[in-house]
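Quick notes on the structure that follows.
The values are calculated or read from the model by the stated rules, or taken from the named source; none is laboratory data. On a predicted model such as this, the values are computed, not experimentally measured, just so you know. Cβ placement follows ideal geometry from the backbone for every residue including glycine, while neighbour counts extend to all protein chains displayed. Note: areas computed on protein heavy atoms with side chains; ligands, DNA, RNA excluded. Shrake-Rupley method; radii C 1.70, N 1.55, O 1.52, S 1.80 Å.
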Amino acid sequence: VQLAESGGGLVQAGNSLRLSCGASGNTFSILTMGWYRQAPGKQRELVATISSGAGSARYADSVKGRFTISKDMAKNTIDLQMNDLKPGDTAVYYCSANSLLRGYWGQGTQVTVSS
């Protein structure tokens, strides 16, 4: 499985960004997809995940009510709509996918929120 992210950039606090991730390869094996982020000097953390089947979503407490994860299984893509962005959201955002056997990561896309 290969993952490719797009949509990062520089925005002012309070504004919005939408990240997209496209999956290719053995996509039939994917059970869940999601977004993680890593800020400078910090560990990578979960932002949101969504299951391939029922589409159940899970969010980090820090983004609940501001971020929304969605999927288009026909296109093998997931999106992350990020509203009311804060400087604390600044990080490299990574798309992830998991099958029964292993996990996969994208290259990451930078999101920078200025105050």
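Tabulated data
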{"item": "Residue within the stretch 17-26 that is on the phi > 0 side of the Ramachandran plot, surrounded by fewer than 11 Cβ atoms within 10 Å (Cβ to Cβ) and either of a type in the set (Val, Ile, Thr) or free of Cβ contacts under 8 Å to residues at least 60 places away in the same chain (or both) present", "result": "no"}
{"item": "Pick from the stretch 27-38, criterion over 21 Å from residue 92 (Cα atoms) and touching a residue at least 40 places away in the same chain (Cβ under 8 Å), ranking: surrounded by the most Cβ atoms within 10 Å (Cβ to Cβ)", "result": "30"}
{"item": "Strands (runs of 3 or more DSSP E) lying entirely in the stretch 1-67 (those with 2 or more residues that are within 15 Å of the chain's Cα centre (by Cα) and within 14 Å of residue 105 (Cβ to Cβ))", "result": "2-6, 17-24, 32-38, 45-51"}
{"item": "Residue satisfying all of: in the stretch 39-55; of a type in the set (Gly, Ala, Ser) and under 18 Å from residue 82 (Cα atoms); surrounded by the fewest Cβ atoms within 10 Å (Cβ to Cβ) among these", "result": "39"}
{"item": "Within the stretch 71-113, tally of residues that are in contact with a Leu (Cβ under 8 Å, 6 or more places away or on another chain) and open to solvent by less than 40 Å² (accessible area, probe 1.4 Å)", "result": "14"}
{"item": "The stretch 56-69 - residue that is among the small types (Gly, Ala, Ser) and in contact with a Ser or Thr (Cβ under 9 Å, 6 or more places away or on another chain) and, of those, farthest from residue 87 (Cα to Cα)", "result": "56"}
